[in-house]
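Each remark here refers to the structure printed beneath this line.
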Amino acid sequence: MQLNESIVIDKDVATGELYLVNLESGKLFRVNQTAEIIIDAIKEGFSVNRIEEIVCEKTNGDKEAIKRDISLFLDSMFEKGILEFEAFE
C-alpha cells in the first residue's frame, strides 16, 4: 500500500498538526499523532504487521485494540482514496 499520488502531506509549524491534502478533490484531512506514526510507516514501506508493532512500541497501548484501530483506520483511508495498493510492473 502507498499514499495516493494526489495526496500531499503538510504539517502546521505553529500547531504541529499534520494534514493530508487531496489535490484532486481539494479535501483536507487532519490526522492525530497515532495516524502520523502510521502514515510515516506507510511511507517507509512497512507491512501492516510491522506498523502494528511500531504503534504498540510508541504508544504502549493494548495490542489487540491497536490492531483493530489500525485496521479500521486503513480501511477508512482506502475508502477516502488516501491510500492505494501499489501497482506491480
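Assorted remarks:
- Rounded to the nearest 500, the 222 nm mean residue ellipticity of the chain from helices alone is -14500 deg cm²/dmol, with -39,500 (n - 2.57) taken per DSSP H run of at least 4 residues.
- Burial ordering of 73, 85, fewest other beta-carbon atoms within 10 Å first: 85, 73
No value in this document is a laboratory result; all are computed from the given coordinates. Please read these numbers as outputs of a predicted model, since none were measured by experiment. Using ideal geometry, Cβ is built from the backbone for each residue, glycine included, and neighbour counts are taken over all protein chains shown.
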